[in-house]
Amino acid sequence: MSMRIGYGFDSHAFKTGVPLIIGGLPIEHPEGLAGHSDGDVLLHAITDALLGAVSAGDIGTFFPPSDPRWKGAASSVFLQTALEEVATAGYKIVNIDTVLVMAKPKIVPIANELRESVSRLLGVKPGEVGIKAKTPEGLNQDHVAVAHATVLLESLEVPEPVSLRTLEAEADEDRDIEMNVVVRGLVGDSRDVSALGRKIPAFDTDDLT
Ligand SMILES: [Zn+2]
């Protein structure tokens, strides 16, 4: 089994007149985060951690701010694309850990809600998501929200072709068909192009096709 680690960082300034959304969760606060998209600093850091873990570039290469399609976009769209890149590369999430750095609002009272929102968007259990919060002591950045994220991935387990052949020899046709369905479910249909038509970097995918 192979494992990969990814790290992501993001920051956005606070701005009046926009809703505050962190980790996909709308939060009651007089200011939101300025950005081309919805400014979800936490999802952006997680997206970059996921993309980095499979060497698939970063959020800016997939969703350039110059592209009007992403103006005001929900950041869950970015996250979904990163999850597709991870799955296409043959990996799944083991766990994810994050740190939010901001003076206000206080994160501790909503940390559980945040964790549930992020785990739902990632398709993992809440116990596989860490949400920690710090205030920016001594950094003089009280009007900025910062997020750091680390993700650990492990390769999807795919049965060896040799053991498959052994099974084929031993099993009847019905069982062969069942096994093929299982393998297809694990590997997915063969694809080397991302949802946005980008060519997936060729690493470790040879084992799966
Ligand atoms: Zn961002």
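Just so it is clear, none of the values below were taken in a lab; they were calculated from the coordinates. On a predicted model such as this, the values are computed, not experimentally measured, just so you know. For neighbour counting, all protein chains shown are included, and Cβ atoms are generated from backbone atoms with ideal geometry for every residue, glycine included.
Just a few scattered comments:
- Using the Cβ of Gly8 as centre and a radius below 10 Å, the other residues enclosed give a net charge of -3, where K and R count +1 and D and E count -1.
- Entries in Lys71/Lys92; Lys104/Lys132; Lys71/Lys132; Lys71/Lys106 that, when Cα-Cα distance is taken, lie over 20 Å: Lys71/Lys92; Lys71/Lys132; Lys71/Lys106
- The residues Arg69, Arg120, when put in order of fewest to most other Cβ atoms within 10 Å, stand as Arg69, Arg120.
- Coordinate range along principal axes, alpha carbons of the range 3-156, Å, largest first: 43, 35, 27
- Annotation: extensible slack from Thr16 through Ser155 equals 45.7 nm (criterion: 0.36 nm per residue apart, minus Cα-Cα distance).
- Under Karplus coefficients 6.51, -1.76 and 1.60, residue-wise ³J(HN,Hα) of the range 103-120 in Hz, glycine/proline x: 6, 9, x, 5, 8, 3, x, 10, 4, 5, 4, 4, 4, 5, 5, 5, 5, 5
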